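Report on the structure given below.
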Amino acid sequence: MALLDLSDVTVSIGALTPLDRIAFSIEAGEIIGVVGESGSGKSLTAMAVMGLLPLIGGRITSGAVRFADVELNRLPERDYRALRGRRIALISQNPMTSLDPIRRVGEQIDQVSMMHLGLGTEQARLRSVDMMRQLRIPEADVVHGNYPHQLSGGMKQRIVIAMALAADPELIVADEPTTALDVTIQAQIIQIMVEMARRKNVALMLITHDMGVVAQACDRVVVLYAGRVAETGSVERIFAAPRHPYTKSLIGCIPVEGLPPGGLKGIDGVVPGVANYPTGCRFHPRCSLAQDRCKIEAPLLRALDEGAAACHLAGDPP
């Protein structure tokens, strides 16, 4: 049984339906990349997993989110709070929104293991310092006593990762965890996250718009577009033989060494807003392969070799 399973999850916010029948699973210890442009539904999917949709007036109207043997979307909020941080942890886009500016960073890590593991003050401090060292934070004993404003953006994000790992969760949901960081720091943070996840056998749901990161870090890929799953598959298969035109377009946006000036491809148009989703395949207005059928009939997500794709033209390679 998968550790996390989203089964045809549909999310509504008022009269709008920003997520439509989202379906994928994550095995224990697996690293999954959830990719797509801004507006594709990546962060909403994370919120559905974390039970945070009510904060924006959203709710799951059909389908189910299952974690191990628990159907999360049926949990009372009190039980969900006990699960968050302990078995499922979240790393958000901006470390400053995750850290209390008037509390020492070490105390904020300590609090997680004290709350969820029942450790005493000194035990929690020792555990936090050890975790900080594993995350390559120099002079961890000293940094433990610092305030967030005394640290760089990359160091603050390592503190947030330490908080996520403090209670030994089984799953970490990382929502664009390096967006606010310098490009040179982004690669370091991703590498540290992946190394820690592998070492501790923690499942990682890595939400990103960067297919280059997915290629380097993930085992499998879930491609979202305009609130629907466009394609899923192993990293090897997706990059070797993408089945959906949108996936091909995303891969074409990856800069490669030796690319001539003007050689980097883009994707014409933009992701439609939730109030303006087109009929049929939602990618068809931007797709060079679109046919009349694509404009009126929404393709189903159908199983292919090592994954699935929602495209009328998708098929196994010759």
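Here segment 130-251 has an Rg and Dmax of 16.2, 51 Å, counting Cα atoms alone.
Residues in the chain average 46 Å² of solvent-accessible surface per residue, probe 1.4 Å, ligands and nucleic acids excluded.
Tell me the carbon and sulfur percent of the accessible area for the chain, rounded to whole percent, probe radius 1.4 Å. Answer for the chain: carbon and sulfur cover 52 percent of the accessible area. Under 5 Å between amide hydrogens, which residues at least 5 positions from L119 or on another chain qualify, with H placed 1.01 Å from N in the peptide plane? Answer set, sorted by chain and number: M114. About its Cα centre, the dipole of the chain is roughly 400 debye, where the only charges are +1 on Lys and Arg Cβ and -1 on Asp and Glu Cβ. The simple Förster model, with R0 at 30 Å and r as the Cβ-Cβ distance, assigns A240 and K200 a FRET efficiency of 0.50.
Oblate is the label for segment 33-188, because a/c, from the alpha-carbon gyration tensor with a ≥ b ≥ c as root eigenvalues, is 1.5 or above and a/b does not exceed b/c. What is the projected area of the convex hull of the Cα atoms of segment 103-167, averaged over all directions, in nm²? For segment 103-167, averaging the hull's shadow over all directions gives 3.6 nm². Exposure check, 1.4 Å probe, all protein chains in place: H149 carries approximately 140 Å² of accessible surface. Of the residues E306, E176, ranked by 1.4 Å probe accessible area with the largest first, the sequence reads E306, E176. Largest first, the residues R243, R199, R125 sort by 1.4 Å accessible area into R199, R125, R243. Size descriptors for the chain: radius of gyration and Dmax over Cα atoms are 20.3, 67 Å.
So which of K156/K265; K156/K200; K248/K295 end up more than 24 Å apart by C-alpha? Those over the limit are K156/K265. Our helix-only sum for the chain, with -39,500 (n - 2.57) per DSSP H run of n ≥ 4 divided by its residues, gives a mean residue ellipticity at 222 nm of -9500 deg cm²/dmol. With θ taken as phi - 60° and the Karplus curve 6.51 cos²θ - 1.76 cosθ + 1.60 applied, the whole-hertz 3J(HN,Hα) list for segment 143-148 is 4, 3, x, 7, 9, x Hz, x standing for glycine and proline. Let me make sure I get this right: for segment 127-199, a, b and c are the square roots of the gyration tensor eigenvalues over alpha carbons, sorted descending. Under 1.5 in a/c it's rounded, otherwise prolate if a/b > b/c, else oblate. Which is it? Oblate.
The values are calculated or read from the model by the stated rules, or taken from the named source; none is laboratory data. Quick caveat, the model's predicted, so the values are computed rather than measured. Cβ atoms come from the backbone with ideal geometry, glycine included; neighbour counts cover every protein chain shown. For accessibility, only protein heavy atoms count, side chains too; no ligands or nucleic acids. Shrake-Rupley method; radii C 1.70, N 1.55, O 1.52, S 1.80 Å.
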